[in-house]
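Comments concern the structure below.
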Amino acid sequence: MDGDGDPESMGQPEEASSEEPQEEGCVVAPEAEASGGEEEEAAAYLDELPEPLLLRVLAELPAAELVQACRLVCLRWKELVDGAPLWLLKCQQEGLVPEGGSEDERDHWQQFYFLSKRRRNLLRNPCGEEDLEGWCDVEHGGDGWRVEELPGDCGAEFAHDESVRKFFASSFEWCRKAQVIDLQAEGYWEELLDTTQPAIVVKDWYSGRSDAGCLYELTVKLLSEHEDVLAEFSTGQVAVPQDGEDGGWTEVSHTFTDYGPGVRFVRFEHAGQDSVYWKGWFGARVTNSSVWVEPPE
């Protein structure tokens, strides 16, 4: 993503040494003095800028440079990088919030910025556009999973998102599939996960057919580094009755909050089968599954 830095770099860098007091102005480091006068002149010029102008200059830099380098230059820059006005300005410049907002609207603008930049569906291939690519622990009960075009035989259109064109259909014995999301690999660093504990929102959509009843199940687990279960949500087995008038799609949604430190993985698993034991693909249909890590309100 543009300017949001390497996933492992977003923890706050080490503080400057407290053995010698820092001045509010920016002091040119010895390395800069040795490299010539241009760096000294640039540092002196930036140091003389009024705070509103300096904030605008800093806001043009990539976020990773702000927290990895600029924050260590001097006490003044550290306070600006740690403060809300800089991150509110970056959010406004990049369209994450409307212009004219107040820094009092949120408690942690820096966290909001990084989480907003990373906000996306962490599940791969949620609608079957790539067949079963990205899914693991696939169980093909009965005739197994099959990807079909919407609305399918005796099915309903997916009116909630016109970009969704396909779904997974299950068979006459339990069909299961899962994905395990590595949150750190996706750019969420340990300090953020353990301290902020951003909301993790999981969603799934299921449907039956108008000519056969079926069963559906969703289980989502938050796992530690060693795959211990730290939090869990399950629908249990949901019976979907036969609907002679083309039953629609039903959304399942759950939000994990205050789940405690240590979460590193999300395991998402759903399953379906029919309740009439007919050969073919008369079981629960699923599509548009998602896992989101949401910025704080």
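For region 103-141, applying the loop criterion from DSSP together with a ceiling of 15 other beta carbons within 10 Å to the GluC sites (Glu not before Pro) yields Glu129, Glu130, Glu133. Under a model in which nothing but the beta-carbon of Lys, Arg (+1) and Asp, Glu (-1) is charged, region 136-293 shows a dipole of about 260 debye around its Cα centre. Extending 7 Å from Cα along the Cβ direction at Arg119 and again at Val138 yields two label points whose distance is 3.2 nm.
Looking at region 58-92, the GluC sites (Glu not before Pro) that sit in a DSSP loop and have at most 16 other Cβ atoms within 10 Å of their own Cβ are Glu60. Residues whose amide H comes within less than 5 Å of that of Asn288, counting only those at least five positions distant or on another chain, are Cys127 (H built at 1.01 Å from N in the peptide plane). A Förster radius of 22 Å combined with the Cβ-Cβ distance from Glu297 to Ser253 puts the calculated FRET efficiency at roughly 0.85.
About the centre of its Cα atoms, region 46-122 shows a dipole size close to 480 debye [charges on the beta carbon of Lys, Arg (+1) and Asp, Glu (-1) only; nearest 20 debye]. Among the trypsin sites (Lys or Arg not before Pro) in region 98-146, those placed in a DSSP loop whose Cβ has at most 15 other Cβ atoms within 10 Å are Arg119, Arg120, Arg124.
Here the Karplus curve 6.51 cos²θ - 1.76 cosθ + 1.60, taken at θ = phi - 60°, turns the phi angles of region 272-279 into couplings of x, 7, 8, 10, 10, 6, 9, 5 Hz, with x standing for Gly and Pro.
What translational D, rounded to a whole number of µm²/s, comes out for region 136-293 from Stokes-Einstein when the hydrodynamic radius is the Kirkwood one over Cα pairs, at 37 °C and 0.692 mPa s? The Stokes-Einstein estimate is 201 µm²/s.
Between Leu72 and Glu227, the modelled labels are 3.7 nm apart [label points 7 Å from Cα along Cα→Cβ].
When the Cα positions of Gly141, Leu123, Gly155 are compared along the charge dipole of region 116-156, Leu123 comes out farthest toward the positive end, with charges on each C-beta of Lys, Arg, Asp and Glu.
Viscosity 0.890 mPa s, temperature 25 °C: what is the translational diffusion coefficient of region 46-118 from Stokes-Einstein with a Kirkwood Rh over Cα pairs, rounded to a whole number of µm²/s? Rounded, D is 198 µm²/s. Per-residue extension of 0.36 nm, minus the Cα-Cα distance of Glu186 and Glu79, leaves a gain of 35.7 nm for this segment. For Phe114, the solvent-accessible surface with a 1.4 Å probe is about 0 Å², rounded to the nearest 10. For region 136-293, averaging the sequence separation of C-alpha pairs within contact (under 8 Å, six or more residues apart) and dividing by the residue count gives a relative contact order of 36 percent.
The values are calculated or read from the model by the stated rules, or taken from the named source; none is laboratory data. Computed from a predicted structure; not experimentally measured. Positions of Cβ are backbone-derived with ideal geometry, glycine not excepted, and every protein chain shown enters the neighbour counts. Heads up: the accessible areas ignore ligands, DNA and RNA and are worked out on the full protein's heavy atoms, side chains in. Shrake-Rupley method; radii C 1.70, N 1.55, O 1.52, S 1.80 Å.
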